[in-house]
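One structure below.
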């Protein structure tokens, strides 16, 4: 089980008083990518128009540029506004493979003023690398920042 204690404190301190969403997204992506083992891609897909996500700040290899709400795991998160935990992305029929090395994924909705502004995506090159502990810890980081 991952320990989020220190990275949560670091992110809270860095984001304290910051109002700009993009700045906070960049900071959160960077800190989690460098602090957490198994986080091979960490980033945000922003809601830029109805039913469309575009890649925002991220760390790792190249991200997909655009994802419609009706495609993939990120789209499912945006569409349902529910956290998605995928143990094996190869078992998801409409998974969008931005990287062939990705094996598992977690995606959380991001709200600002109770409005969905993005989804937060973390990919791992290991199967079954995310669970409800990760979802809760990441959710608390996002809730505190936004």
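Derivation of every value follows stated rules applied to the coordinates shown; laboratory data play no part. Because the structure is predicted, anything quoted here is derived from the model rather than measured. For neighbour counting, all protein chains shown are included, and Cβ atoms are generated from backbone atoms with ideal geometry for every residue, glycine included.
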P(r) weight above 25 Å for the chain, C-alpha pairs, percent: 18 percent
Cα centroid separation, the range 1-29 to the range 74-94 (Å): 24 Å
Length added when fully stretched, residue 5-residue 87, from 0.36 nm per residue minus Cα-Cα: 27.1 nm
Segment residue 54-residue 16, extension gain: residue separation times 0.36 nm, minus the distance between their alpha carbons: 11.1 nm
Sorted peptide list for 23-30, 72-79, criterion being average Cβ within 10 angstrom, highest first: 72-79, 23-30
Packing rank of 86-93, 49-56, where each peptide gets the mean count of other beta carbons within 10 Å, highest leading: 49-56, 86-93
Gain upon complete extension [residue 96, residue 132; 0.36 nm per residue less C-alpha separation]: 10.7 nm
